[in-house]
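The block underneath contains the structure these notes are about, expressed in structure tokens.
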Amino acid sequence: MVVRRRQGYRFQVWRLKISVFDALKTIPFQYQFLKPHKMKLFLKIGGLLIGLLLLGYAYIQFAPSKSFDLPYSEFELSTDSTVLERGKYLVYGPARCSECHTQETEGAVAFVKKEGLSPLAGGHVFHTPIGEIYAKNITSDNETGIGKLSPGAIARTLRHAVNSQGHVMVPFMKYTHLSEADMVAIISFLKAQAPVSNPVPKSDYNLMGNMALKFFLKPHKKTKPIIKDIKPSLDLDYGAYLTHEVTGCGSCHTTFNMDKMEYDGVPLAGGGDFVGKEHIFRPPNLTPDPKTGHITNWTEAQFVSRFRAGKVFKDSPMPWENFGLMKDDDLKAVYRYLQSLPPHENDMGLVVRAIAEEEE
Ligand code: HEC
Ligand code: HEC
């Protein structure tokens, strides 16, 4: 039975060959290099090319990731309650670790539950064009969380976007110039949390993702010295610190050039579109330009109450819940800093457009 089936199969292949060669006779003159006797050569070259492509593919998918030799120093965790309180505030508020590292997020959904703050057990998956990226469990669980990672290694991840093995990561997190004191506060708080066992799958990158990770993405570099400590105040330098090093307003409110893989817009003068479930969002111009600045005419009180109001559009990517937990004075410091920027004229058009309207 098996043999007969095989014979039938061979016969079919042979028939197919005949008809292919018959068909070749009818093709226009300029393609006559495909004549049967040249066909073998053609197939050989084609085969070689396909082989090379497959090799290239295998190389990109399976080549080991490069390790970046970024030294880090270990430091002592703090158990001081003021330091832990500061860490918790940063993690759930302005530094918004909880925006991504909680399971029940859908983008950045409410993490403030009636009973308190949800654990940072990870598991949220970002569906991106370069693969499925899972935010990790950052509770102190030894097996599934960061229990076994040293404080120095975690600090290196936050400053340079390399993971605990020193491999570069897709830059979701940029805390390169966080003050030393805030770094100690964040990591001490993370390590002091109750462990939650939640095995999170490894991120799954496609060919483009692997290419980016293995050949193009570079760790974040320090471009200025790390400050030891900076005390909260309404001063412009504290506002600048919160805006640039902690909250990352500029990461969305600045234009990013996909070809050059870098920000090339004027900082905070408006950013690229986000496509939500029902709307397309365009982060507005936050510089105090009289014509095109989105908050030029807002008072400080209006700015603070806008942050207290939270999300107006459910599918907005702006982490309103996290920023809504910021202290009044911190929001004021950000406001004052933004209003002190050089005005930049940049008409961003509508901030929110319904997707249905767009299609009409
Ligand atoms: C915008 C989303 C986002 C924010 C905000 C964010 N993270 Fe992450 N984080 C991720 C993702 C995604 C990964 C996993 C990336 C990967 O698989 O390479 C990750 C990985 C990590 C890791 C694991 C690194 C390793 O060795 O595997 C640590 C630790 C971490 N984050 C801590 C933090 C802390 C602390 C904060 C806040 C100060 C924070 N993250 C804020 C998205 C985020
Ligand atoms: C993850 C991306 C992201 C980050 C980070 C971010 N924004 Fe936004 N922002 C947006 C988007 C998108 C919109 C438009 C949609 C909306 O209003 O919810 C927006 C809107 C705004 C608005 C206009 C709101 C209104 O009702 O008119 C203000 C003001 C603003 N952002 C300020 C800030 C400040 C200040 C920070 C840093 C503390 C910040 N944003 C961080 C993406 C972001």
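Just so it is clear, none of the values below were taken in a lab; they were calculated from the coordinates. Since this is a predicted model, take the numbers as computed values, not measurements. With ideal geometry, Cβ positions are generated from the backbone for all residues, glycine too; neighbour counts draw on all protein chains shown.
Key figures
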{"item": "For residue 117, distant residues with modelled amide H under 5 Å away", "result": "none"}
{"item": "GNM flexibility winner over the chain from 45, 186, 227 (Cα, springs under 10 Å)", "result": "45"}
{"item": "Dipole moment magnitude, nearest 20 debye, the chain about Cα centre, only Lys, Arg, Asp, Glu C-beta charged", "result": "2640 debye"}
{"item": "Cβ-Cβ FRET estimate between residue 277 and residue 228, R0 fixed at 56 Å, reported to 0.05", "result": "0.80"}
{"item": "Cα gyration tensor category, rounded, prolate or oblate, for segment 230-360 with a/c compared to 1.5", "result": "prolate"}
{"item": "In sequence order, calculated HN-Hα J values of segment 135-144 (Karplus, 6.51, -1.76, 1.60; Hz; x Gly/Pro)", "result": "6, 6, 6, 10, 7, 7, 4, 5, 8, 10"}
{"item": "Equivalent ellipsoid, the chain (semi-axes from 5 times Cα gyration tensor eigenvalues, Å)", "result": "50, 28, 20"}
{"item": "Prolate/oblate/rounded label for segment 166-236 (Cα gyration tensor, a/c 1.5)", "result": "oblate"}
{"item": "Computed over the chain: relative contact order in percent, which uses C-alpha pairs under 8 Å that are six or more apart", "result": "16 percent"}
{"item": "Gyration tensor verdict on segment 118-165 (Cα atoms; rounded if a/c is under 1.5, prolate if a/b is larger than b/c, oblate otherwise)", "result": "oblate"}
{"item": "Cβ-based exposure ranking for 306, 353, in which fewest neighbours within 10 Å come first", "result": "353, 306"}
{"item": "Modelled FRET efficiency - R0 25 Å, residue 192 with residue 329, Cβ distances, 0.05 increments", "result": "0.50"}
{"item": "For segment 73-223: relative contact order, % (alpha-carbon pairs under 8 angstrom, 6 or more apart)", "result": "29 percent"}
{"item": "Gain on full stretching of the segment that runs from residue 207 to residue 302 - 0.36 nm per residue minus C-alpha separation", "result": "29.6 nm"}
{"item": "For segment 219-248 versus segment 75-105, the gap between their alpha-carbon centres in whole angstrom", "result": "17 Å"}
{"item": "Expected 222 nm ellipticity per residue - DSSP helices of 4 or more, -39500 (n - 2.57), all of the chain, to 500", "result": "-11500 deg cm²/dmol"}
{"item": "Long pairs among 260/332; 202/222; 88/311; 291/332; 40/214; 191/332, criterion Cα-Cα beyond 25 Å", "result": "260/332; 202/222; 40/214; 191/332"}
{"item": "Dipole of the chain [Lys/Arg +1, Asp/Glu -1 at C-beta], most positive-end residue of 252, 47, 225", "result": "47"}
{"item": "Kyte-Doolittle mean at least 0.0, axial Cα span of 30 Å or more - DSSP H helices of the chain", "result": "36-62"}
{"item": "Taking 205, 263, 241 and counting other C-beta atoms within 10 Å, the order from fewest to most", "result": "263, 205, 241"}
